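The numbers here are math on the coordinates, done by the rules we state, and not lab data. Nothing here was measured: the structure is a model prediction, and the numbers come from that model. We place every Cβ from the backbone using ideal geometry, glycine too, and count neighbours over all the protein chains shown.
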Amino acid sequence: MINTILYKLRLKKPPESQLDRADILQSLPLRNQLIEWEVDDKGEVALVIPQKETVWLRLVAKLFMLPPNRVVVLDDVGGFVWQLCDGHNSIGHIVKQLSGKYRMTRKEAETSLFTFMRQLGKRGMVGFAVPQNAKKGK
């Protein structure tokens, strides 16, 4: 009861779901459908990210003449990973593809991919479909 109140007041962080490595490798990354993207003639992936719609941001956007969208250009590796985040390729499959294409060890590919996916997830650019047999918490 007290923990629930503290979570709602944001005085205490709720426990994160504990997934083991195998569950993470089975999860399927999905691109945010609100983000438009395209591949240019150089092979670079450009993401067009819409700005959040809040009164404060609209006021600041009008005041400083900010564009309604933000464009992020991914490097070669990031663009390769982004294209594989289609909901059909698991994290484990993407690790194999990365290590094969860029001649990385499995450990290097896994570490790089986990870091990149964590950043995309925090920014709301990618979501993850976790298998039902994954552990919900310990």
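I need the calculated FRET efficiency for the pair HIS93 and GLN132, taking r as the beta carbon distance and R₀ as 22 Å, to the nearest 0.05.
FRET efficiency, HIS93 to GLN132: 0.75.
Under a Cβ-Cβ cut-off of 14 Å, what is the net charge of the residues other than SER90 that fall near it, where Lys and Arg count +1 and Asp and Glu count -1?
Charge balance in the 14 Å sphere: -1.
Which net charge results for the neighbourhood of VAL73, defined as the other residues with beta-carbon distances under 12 angstrom from its beta-carbon, given Lys and Arg at +1 and Asp and Glu at -1?
Local net charge: -3.
Calculate the FRET efficiency for VAL55 and PHE114 from the Cβ-Cβ distance with a Förster distance of 35 Å, rounded to the nearest 0.05.
0.45
Using a cut-off of 14 Å between beta-carbons, work out the net charge of the residues near THR111 (Lys and Arg +1, Asp and Glu -1, THR111 not included).
Its environment carries a net charge of +2.
Going by average Cβ density within 10 Å per residue, which order do the peptides 98-108, 83-93, 32-42 take, highest to lowest?
83-93, 98-108, 32-42
Taking each pair of different alpha-carbon atoms in segment 17-129 once, compute 1/r for the pair, average those values, and report the inverse of that mean as the Kirkwood hydrodynamic radius in Å to one decimal.
Result for segment 17-129 stands at 15.4 Å.
Return the FRET efficiency for the residue pair LEU34, LYS101: r is the Cβ-Cβ distance, R0 is 22 Å, and the value is rounded to the nearest 0.05. The partial results should precede the final answer.
On the way: r = 28 Å, r/R0 = 1.29.
According to the calculation, E is roughly 0.20.
In whole Hz and in residue order, list the ³J(HN,Hα) couplings for segment 70-86 that follow from phi through the Karplus curve 6.51 cos²θ - 1.76 cosθ + 1.60, θ = phi - 60°; x for Gly and Pro.
Those phi angles translate into 10, 10, 10, 9, 8, 6, 4, 5, x, x, 4, 5, 4, 5, 7, 7, 10 Hz.
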